[in-house]
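Enquirer: Sharing a structure, written as structure tokens. Questions coming.
The values are calculated or read from the model by the stated rules, or taken from the named source; none is laboratory data. Keep in mind it's a predicted model, so treat the numbers as computed, not measured. Because the Cβ atoms are built from the backbone with ideal geometry, glycine has one as well, and the counts that use them run over all protein chains shown.
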Amino acid sequence: MVDPTTLATQVPWGSLIKATATAVELVRRQDWLAEAWRVLMLRLGSEHDIVILGAKGVGKTTLLDNLRGASAQASYALPPTSIRPEAAVTTLDGARAITVIPGDHHRTREDALRAAIITNPRLRVVVFVVCDGLATLRDEAVRQSAVRSGLTLADVRKQNRAEKLRELQSLVEQLRIAKNQTHLRLVIAVNKADLWWPDLETVYQRYDKSGVGPFAETHRELEGRMGSQNIHICTVPAVAWSEDYVLADENVPVALRNEQDRRLLTRRFVETLS
């Protein structure tokens, strides 16, 4: 197996798992994530909201569960595909909403997008989740259909990336007409980093605004339209839940197996949100 630490030195993301001794000591503490979440809530203030969205299967709800510490519980089970918007409201010197918008396209989703993004004056952080084409097929019928159609893993990843690009382009249009047009932060969370970490350089170039291709071009277009003083766009890797990705007889194994490395990525992700 390729050493992910060696690959990590090739691009800026790599420094995230080459942390200082202080950072390592922090993530070894049992309460490290709860403390990071508390600091995030304080920095955001009591009058600002977070919205998490992306296509189905990218790990939006699981990512939020991971940040809030729920997925660390022994009884935790992966959530089913969302049908209605899920909201978690934390009260800390006031209240702010963290809303997960489901990935399936239906009226409920459109209403949730309008309420959470377009007409929401409290909007501060938008987290757009992608997974470099490794979207989970939790519906067994959908999984079997993909297998019967003869699609390879490469085919599925290509289709998934195209779907995520359309979702991002739709989000850009929503942000352009959103009620709040200032002090916005758009975080592109490239989830399932434990799977794609051996392709670190390629994934970084694909999704970061400094890279090449349609995702990077879309980021730069949005920043150009709204102004860099009004929206800050950043891309960060994330690991919400670690497991191999399997489609028929093809398998993408977990490459980033060190729990400390995954914790360091999560810590950096929380810092990016704030």
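Enquirer: Here is a list of conditions, (1) surrounded by 13 or more Cβ atoms within 10 Å (Cβ to Cβ); (2) of a type outside the set (Val, Ile, Thr); (3) at pLDDT below 70; (4) farther than 18 Å from Ser242 by Cα, and His48 meets all of them except one; can you say which number that is?
Expert: (3) is the only condition that His48 fails.
Enquirer: For region 115-141, which positions are surrounded by 13 or more Cβ atoms within 10 Å (Cβ to Cβ), modelled with pLDDT under 90 and in a helix (DSSP H, G or I)?
Expert: Ala115, Ala116, listed by residue number.
Enquirer: Test Thr266 against the stated conditions and say whether it is of a type in the set (S, T, N, Q), at pLDDT 95 or above and in a helix (DSSP H, G or I). Spell out how you get there, then give the answer.
Expert: Details: of a type in the set (S, T, N, Q): yes; at pLDDT 95 or above: no; in a helix (DSSP H, G or I): yes.
Answer is no for this residue.
Enquirer: Which pairs have Cβ atoms under 7 Å, sit 6 or more apart or on different chains, and link a residue in region 132-155 that is closer than 17 Å to Val58 by Cα to one that is modelled with pLDDT under 75 and assigned to a helix (DSSP H, G or I)?
Expert: Leu137/Arg143; Leu137/Ala146
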